1. Might you check whether a residue that is touching a residue at least 40 places away in the same chain (Cβ under 8 Å) and closer than 24 Å to G101 by Cα occurs anywhere in the stretch 6-14?
2. State whether the residues of the stretch 27-45 include one that is basic (K, R), over 19 Å from G101 (Cβ atoms), under 16 Å from the mean Cα position of the chain (by Cα) and surrounded by 15 or more Cβ atoms within 10 Å (Cβ to Cβ).
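Here, each number is a calculation from the coordinates, and none is a lab measurement. As the structure is a computational prediction, the values presented were derived from the model and not from experiment. FYI the Cβ positions are ideal-geometry reconstructions off the backbone, even for glycines, and counts take in every protein chain you see.
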Amino acid sequence: MPKYTAHEDGENTAGRLISAHHDHLDGARIKYLLSEEPAGKDYGGQVHLVGDPVSTLLAIDFIVIVCREMWEAWTPDQRTAAMDHYLCQCGRKDDKQGDGGKFVKKRPNYQEFTDVIYRHGFWSKFPEETAFAHAAAKQLRLPLGEGRTIAVKRSSTMERGAPA
């Protein structure tokens, strides 16, 4: 079996998300692949920014690779949340030439160890936005394997504004 195969279900999921939440990716050339390799410590997938000259030669701006084992274990809501996570990494930086900008790979808005959050809460400069996102989120259960699950927050349609 090949190490990577086309990921049509992921592409369909991404198409709905791009239309609804990622208009900056309109016109982006994104290829979606399923991997036969285990996911490791990541979120079940990876995003690669394809730079020039390869981007020009292959007509690809990003490659989204998702672990088949994880994708098949996730519920439809979890698949949508994971694909949204991957697409949030695909950004576009405005330029002064007015050609839509350059594609970039973005990092998450907020990163912290769960132990620190348990002990100290959201203590750094991004806590208000993160706390607002958590407060506006809807409960979702993620499988951890061996029959265990964990409750996490998944953003639903929410209005931006001051934190609650």
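1. Yes - at least one qualifying residue is present in the stretch 6-14.
2. Yes, the stretch 27-45 has at least one match.
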